[in-house]
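The structure appears right after this line, and notes come after that.
The values are calculated or read from the model by the stated rules, or taken from the named source; none is laboratory data. Predicted, not measured: the structure shown is a model, and the values here were computed from it. Cβ placement follows ideal geometry from the backbone for every residue including glycine, while neighbour counts extend to all protein chains displayed. When the accessible area is computed, the model is the full protein with side chains, heavy atoms only, and any ligands, DNA or RNA have been set aside. Shrake-Rupley method; radii C 1.70, N 1.55, O 1.52, S 1.80 Å.
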Amino acid sequence: MANKGPSFGLSRQVQDKIDSKYDTELEQILVEWISRQCGSGVGKPEAGKLGFQTWLKDGCVLSELINSLFTSDKPVKKIQSSSSAFKQMEQISQFLNAAEKYGVTKTDMFQTVDLWEGKDLAAVQRTLSALGSLAVTKDEGTYKGEQNWFFKKAQENKRDFSDDQLKAGKNVIGLQMGSNQGASQEGMSYGRPRQIM
């Protein structure tokens, strides 16, 4: 975490709980996938959270990853490494915008500071997993990892009913709706009656 001292008390407990969600097995899968997807030019990080954060922190590896998933019209036009914090955060933001364009939902996205300051690297893992799942699901030929690394998202199963089928369905009362025959509030009482002396 940049420019922050150690946390104590409740802040420490909250940060420990966030840190406990980080998955080292998922880290290995993500590193292997990103390395295959982007090629040997991105290298591999040191094992552990700090190595993973340092590898992705400048946003260049993330930008290479998202560009590799698009066949044409790459979303991140300019990928350049910089030591400037502003430029690194801007590169991460470009990745997040491109990932949203690719189809990752807002709820699966991490915030820029989660990666740059190392506040929540588990959120970074969730975003990359969601991106991998989308790549497997879309099956456009751009995904270069193992099929079992990420789950395939459910696809829409649209049905077309004819007018006759829709009319026939209006006459059917589903069993889940139950029945109201004989229902009344007669004999219902709640609690004890009021005692008047």
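Listed values, structure above:
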{"read-out": "Listed residues 151, 169, 65: farthest to the positive end of the dipole of the chain (Cβ charges)", "value": "169"}
{"read-out": "Solvent-accessible area per residue, Å², over the chain with all protein chains present [probe radius 1.4 Å]", "value": "70 Å²"}
{"read-out": "Sum of -39500 (n - 2.57) over DSSP H runs of 4+, divided by residues of the chain (222 nm, nearest 500)", "value": "-14500 deg cm²/dmol"}
{"read-out": "Computed accessible area, residue 101, all protein chains, 1.4 angstrom probe, square angstrom", "value": "130 Å²"}
{"read-out": "At least 15 Å along the helix axis (C-alpha) and Kyte average at least 0.0, DSSP helices within the chain", "value": "121-138"}
{"read-out": "Accessible surface ranking that places the most exposed of 126, 194, 159 first, with a 1.4 angstrom probe", "value": "194, 159, 126"}
{"read-out": "Area of residue 142 that stays accessible when all protein chains are in place (1.4 Å probe, Å², to 10)", "value": "10 Å²"}
{"read-out": "Residue-span extension gain [residue 11 to residue 36] - 0.36 nm each, minus C-alpha spacing", "value": "5.2 nm"}
{"read-out": "Cα centre as origin, Lys/Arg/Asp/Glu Cβ charges: the chain dipole, Debye", "value": "460 debye"}
{"read-out": "Area accessible to solvent at residue 76, 1.4 Å probe radius, in Å²", "value": "10 Å²"}
{"read-out": "Accessible surface of segment 22-138 [probe 1.4 Å, protein heavy atoms]: carbon and sulfur percent", "value": "50 percent"}
{"read-out": "Segment residue 142-residue 47, length gained on full extension (0.36 nm per residue, minus Cα span)", "value": "31.5 nm"}
{"read-out": "Segment 22-138: relative contact order in percent, alpha carbon pairs under 8 Å with at least 6 residues between", "value": "25 percent"}
{"read-out": "Modelled label reach - residue 172, point 7 Å along Cα→Cβ, segment 133-164 residues with backbone N closer than 16 Å", "value": "159-164"}
{"read-out": "Given 44/101; 21/106; 74/119; 106/153; 74/144, the pairs whose alpha carbons are separated by over 21 Å", "value": "44/101; 74/119"}
